[in-house]
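The values are calculated or read from the model by the stated rules, or taken from the named source; none is laboratory data. Just so we're clear, the structure is a prediction, and the values are computed from it rather than from any experiment. Please note: Cβ atoms are built from the backbone with ideal geometry, for glycine as well, and neighbour counts cover all protein chains shown.
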Amino acid sequence: MTEEPWRWPEERWRKIVGKIRAGRSLKPDRWPDGASCAVALSFDSDHETLTLRSGDTSPGQLSAGEYGARVGVPRILDLLRRHDIPATFFVPAVTATLYPDEQRRVIDEGHEIGIHSWIHEFNSTLPPEVERDLQFRAADRLEAICGVRPVGIRTPSWDFSAHTMAITREMGLLYDSSLMADDDPYEIVEDGEPTGVVELPVEWIRDDAPYWMVDWKRGVLPHMPPSSVEEVFRREFDGARREGGLFLLTCHPHIVGHRSRISALESLIEHMRASGDVWFATHAEVARWCLAQAGR
């Protein structure tokens, strides 16, 4: 029987809390060309892997993921092209294998592709050697398909095990985008040691899934109108601009790609563009800028 946490000695919970921490802030004193803030748009191209990871073979469920590839990504790429904005796509290896031409188009149009698991597995449930194998294999598969080695990772469902950071460091990755200890970039510390890995923090507030992703099997049926979600994102962006920080948004092609929602995303982009002093960049570009400004 697992011992109740309230019985843990102090050294145990301190060790757990201290495993992965936020280190020095990497929020720069200035952004390129005097921009007031940085905007990093990201799209997690999960597609069918959200169904496959659970062993589900339902054609109905799979079709909802297929929508992301068939409709969502093309709409997103068209939107980004119209507004001349680079973005980062985090792609499970199985997604990339199912849709290699999609990933090549993403790269050809000037965007970044990052690691996002093998099949959207819950990595914290895996033995360390399995997690390591899948993370390395995912990077290899993305490189083979795209012709570019990924430099960053977003763990599936932002699921971060006690071993994830060690694997990321072994791979020599530039950044992670799965943790939530700040609004702005910071250096990840592992067991009290600065890692040199940049964290570009995520947050459920700045993610389309909590507002719009339906899971009828669990009775999760969010119904927020696009205008309300856009207002949340606008307020997050306005705060980042006021503080001179980073606005990082996470979206999913099979969610945000629908007509009513892609129009809300475009309205948000127009709002950000209208400020006139925003730097739109890929996650890798943001991470490299922050390190350079920090003197590393």
**Q.** Pair list, Cβ under 7 Å, 6 or more apart: the range 264-285 residue under 14 Å from S36 (Cβ atoms), other residue part of a helix (DSSP H, G or I) and of a type in the set (F, W, Y)
**A.** M272/F237
Q) Restricting attention to the range 116-129, does a residue exist that is part of a helix (DSSP H, G or I) and surrounded by 23 or more Cβ atoms within 10 Å (Cβ to Cβ)? A) yes
Q) For W158, all conditions in the list (1) surrounded by fewer than 21 Cβ atoms within 10 Å (Cβ to Cβ); (2) in contact with a helix residue (DSSP H, G or I) (Cβ under 6 Å, 6 or more places away or on another chain) hold save one; what is the number of the exception? A) (2)
Q) I145 versus (1) closer than 26 Å to H83 by Cα; (2) touching a helix residue (DSSP H, G or I) at 6+ places or on another chain (Cβ under 6 Å); (3) without any contact (Cβ under 8 Å) to a residue 60 or more places away in the chain: which is the lone unmet condition? A) (1)
Q | Where E3 falls short, out of the listed (1) charged (D, E, K, R); (2) at pLDDT 95 or above; (3) surrounded by fewer than 16 Cβ atoms within 10 Å (Cβ to Cβ) | A | (2)
Q) When you look at R104, is it among the basic types (K, R) and closer than 23 Å to E143 by Cβ, yes or no? A) yes
**Q.** Residue match in the range 202-215 (condition: more than 18 Å from the chain's Cα centre (by Cα) and not charged (D, E, K, R))
**A.** yes
Q.
So, R132, is that one over 15 Å from F90 (Cα atoms) and more than 18 Å from the chain's Cα centre (by Cα) or not?
A. yes
Q: Go through the range 205-256 and give me each residue that's buried (at least 16 other Cβ atoms within 10 Å of the Cβ) and either among the hydroxyl-bearing types (S, T, Y) or part of a strand (DSSP E or B) (or both).
A: D207, Y211, L246, F247, L248, L249, T250, C251
Q) Name the residues in the range 165-198 that are in a strand (DSSP E or B), without any contact (Cβ under 8 Å) to a residue 60 or more places away in the chain and within 14 Å of the chain's Cα centre (by Cα), would you? A) D176
